[in-house]
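The values are calculated or read from the model by the stated rules, or taken from the named source; none is laboratory data. Model, not experiment: these values are computed from the prediction. With ideal geometry, Cβ positions are generated from the backbone for all residues, glycine too; neighbour counts draw on all protein chains shown.
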Amino acid sequence: MAKPRAQLLQGNEAIALGALAAGCNFFAGYPITPASEITERMSREMPARGYPFIQMEDEIASIGCCIGGSLAGKKVMTATSGPGFSLMQENLGYACIAEVPLVVVNVMRGGPSTGLPTNVAQGDVQQARWGTHGDHPAIVLCPATVAQCYELTITAFNWAERFRTPVVLLSDEVVAHMREKVVLPEPHEIEVIDRRQPTVPPDWYVPYKTDGSLIPQLANLGEGYRYHVTGLVHDERGFPTRRADEVEPFYNRLFGKISRHFADLERVKAYQLDDAEMVIIAYGCTARAAAAAVRIGRERGLKVGMLQLMSIWPFPRRPVEEALTGKRLALVPELNMGQISREVKRVNDGRTQVLRHGKMDGSMITPDEILGRLREAK
Amino acid sequence: MSEKQAQALGRVETRLAGSGGQGLLLAGLVLAEAAGLYDGREVAMVQSYGPEARGGASKAEVIISDQAIDYPLCTRVDLFLALTQEAADAYCWDLKPNAWIIVDSDLVSHPPSSKAVRLPFTAAARDKLKKPMVANVVALGAIAEITGVISRRGLEKALLARVPAGTEALNKKALALGAKLARDAAGQAPSEGQATAHTEDM
């Protein structure tokens, strides 16, 4: 057997390959810098496997197309950047309320609006959580390496299928265009989860009636099961309702199907935190600068460690609380004016000083900037 | 072991800069694959470009190391290749003292340091190979010869795996030409500079 071969892979390519490994068999999208390489790669890979690849007229149509594909039983993905992600917000809410499994990749660039198309930013962190209107659950993952792009895309598909909900993979321009040497896992090493299917005959089928899992077993459209899909709050049969005794259980179930699994949805990576007096909490490309700051800081005798957030929504409260416990200082570097530092401050019990380091000049935060900020605060 | 060879073993930060269309991203890709896939080192590469389809500043940064790479961008550059004056001016401020600076002698009239190695990549590609577009590969040949951060063998393998079928011979020639330009220049006293015979053709 051939030895696993290392390859030089771009973050965006790793997302495309991760999607294929997870079983993606439907892609609709509209190219946009810095996410175009995902669409480009999928435009070659999907037809080669006999799967649909559709370049739609815009991002609204792209996500709409994916929702349709998913309801027909396909494992779907679309990829975009800020301007396109803004356009997708309404349908993202639709996928959430209609419980349609869907993976949306948003590669962050400078915004708002057209902003800085080719520059890196992390300004869509709260948009990924709250971009669509109405209160709703959200699952958002955030890679910092090419290997994590691959791994978290598979996780995004698995969680979308398992919980029947849209999952956002929030990358950024640096991670997207960065190339690194990776050895991808063999297919048998990869866990793939597919949505559950109804086990009752079509005549007995009640689409949104759930068992203890709180997750409906929605049939693939076209397989003989009939049900109604709507963006309105609906009853167990899928038809609109305004009855308080149906609306409240609906929302409780929509949130509950995810919130009861919060602990499983926390993905973090700790670097040298055991004896640390200071902690850097970082995500995406900024985690790379933070890791370098830890390395250089340690060489200079600073007791500093790092917590990388690979899942940012639901906010990984417990590991962040643990990382803050007993630390004198926490620094949250990010390429925005404080979207995650606000969350860290929210979960901080008040004994740790939490500082933010925001940067919005279109370039990456450097290890020196982080070290400088730690020195000032010392 | 020379000081330069020792320098090539730790974290080496390389920056290839020029104008969009000069093939610097491809050069970066080949450099990264040579080091990562054929020389067995850790590599990370990032690229930066403007919104233009062609033209505009373009650069590729490749970090080569024997350890896992945390920060994937250059912080203090060990090896700087500049193929335009604009790139030489824009990206020279964070060079390490003693960094290898390699510039196109015709397109960069004021290199950032008098120690810069000035070689006529574009002119040589045009005059000797009749293909100015392989100037990037000529430059890679010179980089391998001058710095040793990548092996010549690894570079050749990585290059041939990347380039379109039918252009292998041309690309091999371009690599060899770059190495020869570098060797010839090293034979001259560095203070004399490398005024080239090609300039009069322009």
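Identify all residues within segment A:328-337 that are free of Cβ contacts under 8 Å to residues at least 60 places away in the same chain, not basic (Lys, Arg) and not in a strand (DSSP E or B); write none if there are none. Reasoning before the result, please.
Residues of segment A:328-337 that are free of Cβ contacts under 8 Å to residues at least 60 places away in the same chain, as a first pass: A:328-333, A:337.
Going one step further and asking which of them are not basic (Lys, Arg), we end up with A:329-333, A:337.
Within segment A:328-337, just A:MET337 meets the criteria.
Being crowded, with 16+ Cβ neighbours inside 10 Å, closer than 23 Å to A:GLN7 by Cα, of a type in the set (A, V, I, L, M) and at pLDDT below 95, is that true of even one residue in segment B:132-146?
no
Results for (1) over 14 Å from A:ILE370 (Cβ atoms); (2) within 13 Å of chain B (Cβ to nearest Cβ), shown as yes or no for each residue.
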position: A:ARG288; (1), (2): no, yes
position: A:GLN308; (1), (2): no, yes
position: A:GLU322; (1), (2): yes, no
position: A:SER341; (1), (2): no, no
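One line per residue, one yes/no per condition, for (1) free of Cβ contacts under 8 Å to residues at least 60 places away in the same chain; (2) within 13 Å of another protein chain (Cβ to nearest Cβ):
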| site | (1), (2) |
| --- | --- |
| A:LEU9 | no, yes |
| A:ILE15 | no, no |
| A:ALA21 | no, no |
| A:ALA35 | no, no |
| A:GLU40 | yes, no |
| A:ASP58 | yes, no |
| A:ALA61 | yes, no |
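Report those strands (runs of 3 or more DSSP E) wholly inside segment B:44-156 carrying at least 2 residues which are closer than 29 Å to B:GLU168 by Cβ and more than 14 Å from chain A (Cβ to nearest Cβ).
Because the criterion is at least 2 residues that are closer than 29 Å to B:GLU168 by Cβ and more than 14 Å from chain A (Cβ to nearest Cβ), the strands (runs of 3 or more DSSP E) in segment B:44-156 that meet it are B:77-82, B:95-104, B:117-119.
Could you name every one of the helices (runs of 4 or more DSSP H) located completely within segment A:216-327 that has at least 2 residues being among the small types (Gly, Ala, Ser)?
A:244-259, A:286-299
In segment A:342-367, what residues are touching a residue at least 60 places away in the same chain (Cβ under 8 Å) and not in a loop (DSSP other than H, G, I, E, B)?
A:VAL344, A:PRO367
Report, ordered by the first and then the second residue, all pairs with beta carbons closer than 8 Å, sequence separation of six or more or different chains, a first member in segment A:145-156 that is among the basic types (Lys, Arg), and a second member that is buried (at least 24 other Cβ atoms within 10 Å of the Cβ).
Between residues of segment A:145-156 that are among the basic types (Lys, Arg) and residues that are buried (at least 24 other Cβ atoms within 10 Å of the Cβ), there is no close pair.
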